[in-house]
Amino acid sequence: MSRAITASEDSTALLARYGRYPPTLTAEQLHRYFRFDDHDRAVMAQKKGKHNRLGYALQLATVRFLGTFLTDPLDMPEAAIQYVAQQLDLTVNPVKLYRYRTRETRWDHRHDIQARWGYRDFSEIPAIFDLARFLSARARLMAEPPSRLLDLSTARLVEHRVLLPGVTTLTRLIARIQHRADERLWRDLAALPSEAQVTALEALLDVPPRSSVSRLDQLRKAPLSVSAPGLVGALKRVEAVRRIGVTTLDLSGFPEQRLNTLFRIGMGVNAQAMRRMTRSRRIATLLVTVSRLEGQALDDALTLFESLLTDLFNRIERQEDGARQDQLPSLEEAARRSNQLTLAFLESLGQPPQNFPAFAARVLALVSQEQLQAAAETVQALTRPRSETRLEGLLSRYSYVQQFLPALLRTVNFEGSAAGGPSLAALQALRRLERRSQVKATEVPLTLVKGDWSKLIPGKAPLNRPAYTLCILDHLHLALKRRDVFVSASPKFSDPRLRLLSDQAWTALKAEVCRSLDLDPDPQVMLAQLSAQLDERYRLVEARLPQNAAVSLAEEEGRTVLVLQEEEALPEPPSLRHLRELVARRMPHLDLPDLLLEVHRWTGFANAFTHLSEARTRVGHLDVSVCAVLLAEACNVGLDAVVQPETEALGRGRLSWVDQHYLRAETIASANARLVEFQATIPTVTAWGDGQVASVDGLRFRVPVKTIYAGQNPKYFGVRSGVTYVNFISDQSGFYLDSGPTKRADWEL
């Protein structure tokens with residue numbers, strides 16, 4: 001590709017490198033843009049003088065690579081000049097080249113190249129119109145920063161052989177088109193709600209009596225407590241969003257990226273800043289925010305519901321385990337007495353036959369009848385199936401479930417696939433049972449009532465309301481995890497199949513997708529290939545078993561199992577310890593802030609932190625401010641530890657502004673991706689391996705604030721809550737995965 005300005009670079013660097021050569025050129029760039037064919041050499045041969053032919057060739061290579069001519073045609077890397085000179089069998093003479101760039105011949109060559117190879121000036125109407133139409137489409141459909149549009153514009157002009165204009169001309173055109181696209185989007189969105197809906201939206205910016213925050217801030221506040229009252233509050237939040245009356249407006253005709261940007265702004269800026277927006281922008285931002293806020297509120301509510309049910313089931317199991325442990329002494333005593341009866345019976349088997357009264361008298365002499373009766377009752381009570389005790393524990397928590405179940409059924413509209421049909425029918429029956437005291441079992445669907453539940457919910461009797469309710473919730477919990485039951489308005493708990501390509505869309509893209517993945521479009525062909533590969537591997541392993549000393553076959557519980565011999569750890573050789581000492585002595589000693597800034601100098605990761613409003617706001621030394629805020633957040637020391645009032649980039653106001661407008665989940669993820677990508681470009685990495693060696697580990701962190709996405713785990717967090725991150729690092733790449741709330745059941749592998 002040409003030297004297009006990449007969006008990953010800082011805006012200042014973009015403008016500085018626009019229409020200029022980079023310090024060095026790769027071998028691929030030289031071969032692609034600085035190599036001439038027979039036609040090119042024939043044209044150059046017509047020029048008089050070696051220095052004129054070389055100057056002509058350099059200008060031709062420059063316009064192909066940069067898309068423009070340079071004021072100084074020799075302002076290019078020395079490697080490029082030598083590469084061109086070698087093709088023309090010329091020796092570079094600095095004196096003659098200096099004469100070339102000071103004479104009018106270079107201007108004649110420029111006009112000749114432009115006419116011969118069809119390069120057009122940007123000032124021509126078709127060229128401007130074509131680029132403006134392209135930029136308008138991009139600005140209307142996607143929320144891209146100006147640096148990205150500048151990159152795309154440069155590449156497009158080079159591709160269409162249009163000479164690059166001045167950088168200010170292009171940046172002003174981009175800014176004007178983006179502004180028009182923004183105003184058009186705001187105007188179209190603001191025209192959707194009625195006057196009553198507009199009034200309701202703007203009322204969200206008002207502060208209610210006896211409150212310190214606006215209604216919008218109240219709606220944006222997520223639930224914090226994983227409890228029944230917390231779930232009720234989360235469901236009330238969903239209802240409050242719906243009462244505004246704009247969630248039913250259809251926004252599907254607007255670009256998804258642009259709506260995401262408006263939603264991010266609406267969730268991030270305060271009410272005062274929103275009041276200062278123009279009317280159309282304010283209404284559009286509020287409309288998108290409230291429309292998307294319903295899905296986010298449902299996500300929070302359903303996450304709370306799922307956590308409550310998980311905690312309920314886990315708590316019942318823990319209580320049952322604790323009760324069984326407390327009753328072990330009674331079970332031991334009952335088993336001892338029952339064992340005396342068993343021993344007496346076994347002893348009598350080896351003796352002459354005797355009548356039963358004599359045998360009973362002998363046993364009762366050892367253990368009384370009352371003790372045997374008590375022992376039998378104790379054993380029966382303590383050896384009941386776990387499923388029965390689990391159901392009893394669930395029934396004891398029915399009043400707890402009733403605190404949030406009516407609000408859940410009233411607020412959340414559950415949908416489902418064919419597999420979730422029985423659960424949906426049961427949920428609908430639960431809605432009809434509200435405010436009814438007596439219900440027959442025949443009035444509700446009993447498809448889900450199976451196993452031990454059927455003992456508590458007979459089919460021909462008055463309905464056991466608590467048992468039926470808890471049975472349905474038990475099945476709903478599993479169906480919601482499998483997405484047999486889903487909520488379309490919730491982004492997290494919606495049907496994942498809705499995101500798949502439809503039949504027509506997949507048919508149109510199938511060939512291209514399969515080609516990019518190097519797969520055959522016919523699944524039978526792929527299955528046959530995989531089957532052949534698997535069979536080949538099995539036969540190869542079988543043939544090598546007799547010679548493989550690390551593998552053996554053993555019999556275990558009537559089965560033949562494969563046993564792999566564990567390799568013992570090798571001791572560290574003296575050379576490795578010596579190498580470690582040498583590396584440790586050569587490692588520089590520096591402060592953590594200096595390390596962050598140095599890594600940014602290598603990778604530019606701080607440039608991934610873009611402003612909340614479409615990455616258009618840049619200030620001087622922003623990288624210093626971002627690194628300072630990252631350091632304060634990572635070390636949990638607060639901004640006071642990094643504030644330096646005498647330095648503008650480290651002032652309290654600047655750092656607080658950066659913290660609020662630049663640090664978000666998506667910008668942190670983008671910065672991490674940039675670090676991983678840079679790691680893959682280090683030459684040493686290629687010598688480490690091909691990605692087959694990896695390390696996976698879980699890191700647990702305490703969360704100092706209340707959030708429904710953190711869970712309790714006394715083993716790691718004590719009385720506090722925390723989250724777990726799964727880290728993957730290989731010899732080629734790395735990533736991390738947030739596992740969400742940490743619970744014991746989450747880590748059963």
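The values are calculated or read from the model by the stated rules, or taken from the named source; none is laboratory data. From a predicted model like this one, the values you see are computed outputs, not experimental measurements. Positions of Cβ are generated from backbone atoms using ideal geometry, with glycine treated the same way; all protein chains shown enter the neighbour counts. Calculation scope for accessible area: heavy atoms of the full protein, side chains included, ligands and nucleic acids excluded. Shrake-Rupley method; radii C 1.70, N 1.55, O 1.52, S 1.80 Å.
How many residues are open to solvent by less than 60 Å² (accessible area, probe 1.4 Å), closer than 16 Å to residue 200 by Cα and charged (D, E, K, R) when one looks only at region 238-270?
Number of matching residues: 1.
With (1) among the polar types (S, T, N, Q); (2) modelled with pLDDT of 85 or more; (3) within 40 Å of the chain's Cα centre (by Cα) as the list, and residue 575 as the residue in question, which single condition is left unmet?
Unmet for residue 575, out of (1) among the polar types (S, T, N, Q); (2) modelled with pLDDT of 85 or more; (3) within 40 Å of the chain's Cα centre (by Cα): (3).
Select from region 631-655 the residues that are closer than 25 Å to residue 602 by Cβ and open to solvent by less than 40 Å² (accessible area, probe 1.4 Å) and list them in ascending order.
631, 632, 642, 649, 650, 654, 655
Quick one: is residue 446 closer than 26 Å to residue 241 by Cβ and of a type outside the set (Gly, Ala, Ser)?
For residue 446, the condition - closer than 26 Å to residue 241 by Cβ and of a type outside the set (Gly, Ala, Ser) - is not met.
Could you list, in sequence order, all residues of region 417-449 that are part of a loop (DSSP other than H, G, I, E, B) and either surrounded by 11 or more Cβ atoms within 10 Å (Cβ to Cβ) or in contact (Cβ under 8 Å) with a residue 40 or more places away in the chain (or both)?
The initial filter retains those residues of region 417-449 that are part of a loop (DSSP other than H, G, I, E, B), namely 417-420, 433-439, 444-449.
Scanning region 417-449 gives 417, 419, 420, 433, 439, 444, 445, 446, 447, 448, 449.
Is one or more of the residues making up region 474-487 among the small types (Gly, Ala, Ser), closer than 26 Å to residue 230 by Cα, within 39 Å of the chain's Cα centre (by Cα) and open to solvent by 10 Å² or more (accessible area, probe 1.4 Å)?
Checking region 474-487: not a single residue is among the small types (Gly, Ala, Ser), closer than 26 Å to residue 230 by Cα, within 39 Å of the chain's Cα centre (by Cα) and open to solvent by 10 Å² or more (accessible area, probe 1.4 Å).
Listed here are the residues, each with its yes/no results for (1) without any contact (Cβ under 8 Å) to a residue 12 or more places away in the chain; (2) in a loop (DSSP other than H, G, I, E, B); (3) among the small types (Gly, Ala, Ser); (4) open to solvent by less than 90 Å² (accessible area, probe 1.4 Å).
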{"residue": "535", "(1), (2), (3), (4)": "yes, no, no, yes"}
{"residue": "543", "(1), (2), (3), (4)": "yes, no, yes, yes"}
{"residue": "546", "(1), (2), (3), (4)": "yes, no, no, no"}
{"residue": "552", "(1), (2), (3), (4)": "no, no, yes, yes"}
{"residue": "555", "(1), (2), (3), (4)": "yes, no, no, no"}
{"residue": "561", "(1), (2), (3), (4)": "yes, no, no, yes"}
{"residue": "595", "(1), (2), (3), (4)": "yes, no, no, yes"}
{"residue": "602", "(1), (2), (3), (4)": "no, no, no, no"}
{"residue": "611", "(1), (2), (3), (4)": "no, yes, no, yes"}
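Report yes if some residue within region 177-197 is surrounded by 15 or more Cβ atoms within 10 Å (Cβ to Cβ) and part of a loop (DSSP other than H, G, I, E, B); otherwise report no.
Yes - at least one qualifying residue is present in region 177-197.
So residue 712 passes all but one of these: (1) at pLDDT 70 or above; (2) touching a helix residue (DSSP H, G or I) at 6+ places or on another chain (Cβ under 9 Å); (3) open to solvent by less than 100 Å² (accessible area, probe 1.4 Å). Which condition number does it fail?
(3)
Please verify whether residue 103 is surrounded by fewer than 20 Cβ atoms within 10 Å (Cβ to Cβ) and under 26 Å from residue 155 (Cβ atoms), treating the condition exactly as stated.
no
Which residue pairs have Cβ atoms closer than 6 Å, lie 6 or more positions apart in sequence or on different chains, and pair a first residue in region 213-236 that is without any contact (Cβ under 8 Å) to a residue 24 or more places away in the chain with a second residue that is crowded, with 19+ Cβ neighbours inside 10 Å?
Note: pairs meeting the criteria are 215/204; 233/223.
Yes or no: residue 694 in contact (Cβ under 8 Å) with a residue 24 or more places away in the chain, at negative phi, out of contact with any strand residue (DSSP E or B) (no Cβ under 6 Å at 6 or more places or on another chain) and of a type outside the set (Ser, Thr, Tyr)?
no
Among the numbered criteria (1) over 27 Å from residue 307 (Cβ atoms); (2) at pLDDT below 90; (3) not small (Gly, Ala, Ser), which one does residue 201 miss?
So the condition that residue 201 fails would be (2).
Kindly check whether there is at least one residue in region 494-504 that is open to solvent by less than 70 Å² (accessible area, probe 1.4 Å), not in a strand (DSSP E or B) and not polar (S, T, N, Q).
Within region 494-504, one or more residues are open to solvent by less than 70 Å² (accessible area, probe 1.4 Å), not in a strand (DSSP E or B) and not polar (S, T, N, Q).
May I ask you to list the residues in region 451-466 that are assigned to a helix (DSSP H, G or I) and closer than 16 Å to residue 436 by Cβ?
Of everything in region 451-466, those that are assigned to a helix (DSSP H, G or I) and closer than 16 Å to residue 436 by Cβ turn out to be 465, 466.
Here is a list: 83, 98. Which entry is touching a residue at least 40 places away in the same chain (Cβ under 8 Å), among the aromatic types (Phe, Trp, Tyr) and assigned to a helix (DSSP H, G or I)?
83
Of the numbered conditions (1) at pLDDT 75 or above; (2) under 19 Å from residue 308 (Cα atoms), residue 739 fails exactly one; give the number of that condition.
Single failed check for residue 739: (1).
Could you list, in sequence order, the residues of region 49-58 that are open to solvent by 10 Å² or more (accessible area, probe 1.4 Å) and either within 13 Å of residue 113 (Cα to Cα) or not in a loop (DSSP other than H, G, I, E, B) (or both)?
50, 51, 52, 53
Is it fair to say residue 69 is open to solvent by less than 10 Å² (accessible area, probe 1.4 Å), within 25 Å of residue 153 (Cβ to Cβ) and of a type in the set (A, V, I, L, M, F, W, C)?
So residue 69 does not fit the description; no.
Out of the residues in region 124-152 meeting the condition of being in a loop (DSSP other than H, G, I, E, B) and in contact with a Leu (Cβ under 9 Å, 6 or more places away or on another chain), tell me which one is farthest from residue 168 (Cα to Cα).
By that ranking, first place goes to 143.
If I filter region 198-213 down to residues being open to solvent by less than 40 Å² (accessible area, probe 1.4 Å) and touching a Leu at 6+ places or on another chain (Cβ under 8 Å), which single residue comes out as nearest to residue 252 (Cα to Cα)?
Here the answer is 201.
If only one of 363, 379, 401 is of a type in the set (Val, Ile, Thr), at pLDDT 70 or above and open to solvent by less than 90 Å² (accessible area, probe 1.4 Å), which one is it?
401
Please determine whether any residue of region 616-630 is assigned to a strand (DSSP E or B), open to solvent by less than 70 Å² (accessible area, probe 1.4 Å) and either touching a Phe, Trp or Tyr at 6+ places or on another chain (Cβ under 7 Å) or among the hydroxyl-bearing types (Ser, Thr, Tyr) (or both).
Scanning region 616-630, I find no residue that is assigned to a strand (DSSP E or B), open to solvent by less than 70 Å² (accessible area, probe 1.4 Å) and either touching a Phe, Trp or Tyr at 6+ places or on another chain (Cβ under 7 Å) or among the hydroxyl-bearing types (Ser, Thr, Tyr) (or both), so the answer is no.
Taking the stated definitions as given, is residue 565 among the polar types (S, T, N, Q), exposed (fewer than 12 other Cβ atoms within 10 Å of the Cβ) and touching a strand residue (DSSP E or B) at 6+ places or on another chain (Cβ under 9 Å)?
Here the answer is yes, as residue 565 does meet what is asked.
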